Amino acid sequence: MRILSANQFDGKRSVDSGTKEQQEAVKAILSDVRQRGDEALRDYTERFDRVRLEQFRVSEEEFAEAASQVSPEVRAALEEAAENIRDFHQRQVRQSWFSTKESGTLLGQIIRPLKRAGLYVPGGTAAYPSSVLMNAIPAKIAGVPEVVITTPPGRDGKINPAILVAAQIAGVKEIYKVGGAQAIAALTYGTEQIKAVDKIVGPGNIFVALAKREVFGLVSIDMVAGPSEIAVLADETANPRYIAADLLSQAEHDPMSAAILVTTSQAVAESVAQEVERQLAELPRKEIAEAAIRDFGAILVVNDLEEGFAAINRIAPEHLEIMIADPFEHLGKVENAGAIFLGPYSSEPVGDYFAGTNHVIPTNGTARFSSPLSVDDFIKKSSVVSYSKQDLRENGHKIVALAEQEGLAAHGRAITERLRDFDREEQERDSK
């Protein structure tokens, strides 16, 4: 890994916009699915996934078959992970509220779940049952009555059994064998077999990301997620083997994944660089990780922790591990990070799979203004106003003044019509 000074590196990658050809391909797919529905889905599934399907929905028989193919050990781990995820996300639930004043005015906020949510689960080089749990469980806790999954089929026309088992554990029964931009189109516009949704969440490849960006506004989306990234802030007490292993845990995701070490120790920097090379040689996904480390990996040596935290906040990483002598003492210095892992035993995969926090996290510096997926992503809020006659009589002229300042005469008239009635009522009372 290259060793740099902190001011030589900002960690940003131009990964979200895609090439012109990719953008045009996505727009063509979206338009085609919108016009031809299921037949377009069949054509794209045959083209990209090498299988032609008449029915996209996973059957009860396929669920049963999947349950028999997943080992008891994996099922038990998924079930326990699901419980941890439920426990964490249950604490995020919001309640509707109302506030009344002595004048009779009532203000409030009603919290309602979305009616239908679509979860995209990646396929391709790896299956991610953990993504099923991370996306579906917050939606279920929010109270979304219809949760649907789309995921690419294999060449045998089936879904990875672990994905189906995870869906069962999460309580999702509606799953469709559709992937890529065509899945995003189906979830947005609806087809003969797939009903449109209100929101689409879940990570995917560049075509999925571009499709989500394109349909935003017709549906809500969680984020346009780029390749994964990790940053580790370490001092001289950190274990170089642990750091190297954690950096590679994200580098193996994608050739554009970023793996960054920020350290106050030159010795740690050099040791981690050596460890990364040693551990790389043993990885099954060596070529992917090697490309990520070469192009988007870096070790930044800083003078002290203050400079280190400044570098971290500038990078705003998706995952941040803090491996220093007393991480809690410095936690307040972290301003920008999607998920924060403290201490040598809080390895990033703990959060990916089991601890209960969500692993759908903003990437590529967007942690400056975005948050991990949560229950909040599956609710909508309505403001409630019941303004009293007393308060409108007292404050109406102020509202009119603001409307006139903005040149919106009809806004002001909507208030003055009522104020005139108040004046007439007062005159009638005085005349009696």
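The values are calculated or read from the model by the stated rules, or taken from the named source; none is laboratory data. All values derive from a computational prediction rather than experimental measurement. Because the Cβ atoms are built from the backbone with ideal geometry, glycine has one as well, and the counts that use them run over all protein chains shown. Just the protein is used for accessible areas: all its heavy atoms, side chains included, with ligands, DNA and RNA removed. Shrake-Rupley method; radii C 1.70, N 1.55, O 1.52, S 1.80 Å.
Points to keep in mind about this one:
- Looking only at residues of the stretch 128-146 that are closer than 15 Å to G171 by Cβ and open to solvent by 10 Å² or more (accessible area, probe 1.4 Å), we find that the one that is modelled with the lowest pLDDT is P129.
- Looking only at residues of the stretch 347-367 that are among the polar types (S, T, N, Q) and outside any helix (DSSP H, G or I), we find that the one that is most open to solvent (accessible area, probe 1.4 Å) is T357.
- Tally of residues being within 18 Å of L331 (Cβ to Cβ) and among the β-branched types (V, I, T) across the stretch 341-390: 3
- Residue in the stretch 256-273 that is closer than 30 Å to L187 by Cα and part of a strand (DSSP E or B) present: no
- Residue in the stretch 158-178 that is surrounded by fewer than 16 Cβ atoms within 10 Å (Cβ to Cβ), within 26 Å of F216 (Cα to Cα) and either modelled with pLDDT of 95 or more or not small (G, A, S) (or both) present: yes
- Test result for A238, among the hydrophobic types (A, V, I, L, M, F, W, C), in a loop (DSSP other than H, G, I, E, B) and surrounded by 24 or more Cβ atoms within 10 Å (Cβ to Cβ): yes
- Total residues in the stretch 95-127, condition open to solvent by 70 Å² or more (accessible area, probe 1.4 Å) and closer than 18 Å to L187 by Cα: 1
- Only residues that are hydroxyl-bearing (S, T, Y) and open to solvent by less than 30 Å² (accessible area, probe 1.4 Å) were counted in the stretch 259-291, giving 2.
- Residue in the stretch 298-311 that is more than 12 Å from L233 (Cα to Cα), in contact with a helix residue (DSSP H, G or I) (Cβ under 8 Å, 6 or more places away or on another chain) and small (G, A, S) present: no
- Enumeration of residues in the stretch 368-412 that are open to solvent by 100 Å² or more (accessible area, probe 1.4 Å) and hydrophobic (A, V, I, L, M, F, W, C): F369, V385, L402
- Residue, surrounded by the fewest Cβ atoms within 10 Å (Cβ to Cβ), within the stretch 329-346, restricted to residues that are of a type in the set (G, A, S) and in a loop (DSSP other than H, G, I, E, B): G343
- When the stretch 378-432 is filtered for residues that are touching a Pro at 6+ places or on another chain (Cβ under 7 Å) and aromatic (F, W, Y), only F378 remains.
- In this entry, D10 passes the filter for residues that are open to solvent by 40 Å² or more (accessible area, probe 1.4 Å), of a type in the set (D, E, K, R) and modelled with pLDDT under 95.
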